[in-house]
Structure formats: C-alpha cells, structure tokens
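First the structure, in the form of structure tokens, and then the observations on it.
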Amino acid sequence: VTVAQGSEVSDSSVPTIESAEKPAAPENGTCKKSFSSGAGVTRFAWCFGSEGAINQIEHSAGLEHTGVREGFCIASDSTINGVMPGGTSTSIGLRPPTYPSPTKVVHTTTDGVWRIEQTFAQTPATKSITITMKITNTSSTVRTQVNLLRFMDADMSNSASDDQFWASSRSVVAIQPTIGLSLLSARLELMPATTNVEALHYIYTGFTPVLNSNCHNEDSALTPNASGDRSMGVNYGLGNVSPGASKTVQFVYRVTI
C-alpha cells in the first residue's frame with residue numbers, strides 16, 4: 001500500500017493513500033487509551049487510537065512530538081495486504097479492529113491473508129513505548145517476501161520544518177535542534193527491538209512515506225540524514241511464513257532531551 005505525498009507510483013498493486021495539505025496542528029487523532037507519568041520536565045504522556053496508531057507522545061510538559069501520521073504496512077508476495085496510516089486517513093485492506101484487552105488492537109486483512117496483533121507497553125523510566133506486533137498467516141498458502149513496516153511523521157516539540165533526521169544501523173532518529181543557548185534538544189528514536197530479524201531504516205522525503213509493493217521504497221528514502229518536515233520508518237524483512245504460522249517483532253519509540 002502506498003502512502004504518497006506528491007509522488008506517483010506506477011505499480012498497480014500499490015494503492016495510494018491520499019495526503020492532503022498538512023494541517024497546522026500536530027494532533028493526529030483521538031486517544032483510545034492514554035498513559036502518563038511524572039510532571040513538568042519529567043512528564044511522559046502518550047496514547048494510541050482505535051486503529052492502533054500512536055496519536056500522542058509528550059516528553060516534558062507541553063512538548064508534543066507526533067505529526068499527522070503513524071502506522072504500519074504489511075506486504076507479502078510483492079503485494080501490499082494492508083496499511084494502517086493513522087491520522088484521519090482510512091485504512092486500506094484492513095477490517096475494523098477488535099480489542100481483546102485494553103492494550104491490544106487486532107486487525108485482519110480483507111484478503112484473508114493476515115491477522116495482525118498490536119500490543120502496547122511502556123517503560124516510564126526510559127520514556128519508551130514498545131509495540132509488539134504478531135502477524136499470523138491465515139491463508140492456505142505459504143506467503144513469501146513478508147515485510148512489516150512501522151512509520152511516523154515526527155514533528156518535534158510542536159514544530160515540523162526545522163527537524164533533523166538521522167539513520168544508523170539500529171535506529172532512526174528525529175531531533176529538535178537546540179534553540180539559542182539552550183542545551184536541551186528533544187530526540188525521538190524509532191528502533192527495531194527484535195535483533196535476529198533483518199531491519200532497514202528509512203527517512204522519507206515528505207511527512208508521509210512513499211511505499212512500494214513491498215511496503216518500503218528505497219528510492220524515496222534519504223539516508224543517512226536529512227532535515228525538514230519528514231517521516232521515518234523501520235521495516236522488518238520476515239522472509240516466508242507458512243499457513244497458520246506466526247512471527248512476532250517489536251518496535252520501540254524512545255524520547256529524550
């Protein structure tokens with residue numbers, strides 16, 4: 001599924017999520033479940049929405065770091081099976097979610113190929129959010145070239161145009177530059193916490209990622225660094241998944257100053 005901003009993708013297997021002009025406000029949706037700890041400079045607050053998108057990450061009172069889009073894309077056999085784009089955009093290829101527990105959101109794809117479980121947890125001491133994603137092949141055939149991408153439009157400290165992005169071998173980071181003589185600089189890191197699976201890191205050219213039929217598009221990504229109003233992503237290459245089999249990976253958001 002392609003989330004596109006001002007780019008055309010010729011691959012007919014990649015549907016496009018329309019992206020209107022970006023709204024001025026950083027808020028990208030309502031909260032289904034909220035979490036908070038601390039106060040003032042030690043405050044850590046976040047939430048996820050009904051579709052399982054991270055809709056808020058606040059580090060220190062008043063410093064909000066999410067933009068208009070956070071979500072995931074799943075693909076197999078060089079075809080996108082589903083995209084949950086977050087914000088106000090409609091999901092593609094996904095049935096309405098269910099909620100087996102207060103911290104779990106479950107989707108199934110409309111093509112009958114995948115069950116996708118998202119489980120959310122936090123570590124307030126390190127201001128970290130862990131998203132455990134379990135995918136199960138509900139089809140009758142082996143699915144090949146399975147990819148699972150998580151992406152976010154990070155607008156650090158309530159602003160977007162001046163953000164800096166860096167990609168390394170194990171994470172991708174959005175940074176709010178220091179202002180004046182201040183030594184504080186907000187930093188939001190997206191990391192693949194599952195180390196025995198290949199993971200690729202992306203900085204996209206706009207605030208929405210442009211995805212190909214495998215849920216990631218190297219031609220549209222900038223590495224290892226870029227600045228401006230951009231989005232970032234981590235993609236797991238999960239190989240083949242047999243009928244009835246599952247694979248589980250973890251994504252971590254961590255915010256610091």
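The values are calculated or read from the model by the stated rules, or taken from the named source; none is laboratory data. Source: prediction; values computed, not measured. Heads up, the Cβs are rebuilt from the backbone with ideal geometry, glycines too, and the neighbour counts pull from every protein chain shown. Note: accessible area is taken over every heavy atom of the protein model, side chains too, but ligands, DNA and RNA are not part of it. Shrake-Rupley method; radii C 1.70, N 1.55, O 1.52, S 1.80 Å.
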Legend entry - Filter pass, Glu51 being in a strand (DSSP E or B), modelled with pLDDT of 85 or more, under 19 Å from the mean Cα position of the chain (by Cα) and closer than 19 Å to Arg95 by Cα: no
Inset, instruction - Pairs only if they're at least six apart or on different chains, beta carbon under 7 angstrom, first in the stretch 198-226 and closer than 18 Å to Gly93 by Cβ and open to solvent by 30 Å² or more (accessible area, probe 1.4 Å), second of a type in the set (D, E, K, R) and at pLDDT below 80; list them, first residue then second. - result: Asn212/Asp11
Legend entry - From the options Arg143, Arg187, Arg230, Arg170, residue that is at pLDDT 80 or above and among the charged types (D, E, K, R): Arg143
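Residue by residue, here is whether (1) open to solvent by 10 Å² or more (accessible area, probe 1.4 Å); (2) in contact with a strand residue (DSSP E or B) (Cβ under 9 Å, 6 or more places away or on another chain); (3) at pLDDT below 95 holds:
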{"position": "Ile57", "(1), (2), (3)": "no, yes, yes"}
{"position": "Thr66", "(1), (2), (3)": "no, yes, yes"}
{"position": "Cys73", "(1), (2), (3)": "no, yes, no"}
{"position": "Met84", "(1), (2), (3)": "no, yes, yes"}
{"position": "Gly87", "(1), (2), (3)": "yes, yes, yes"}
{"position": "Thr90", "(1), (2), (3)": "yes, yes, yes"}
{"position": "Pro97", "(1), (2), (3)": "yes, yes, no"}
{"position": "Ile116", "(1), (2), (3)": "no, yes, no"}
{"position": "Met133", "(1), (2), (3)": "no, yes, no"}
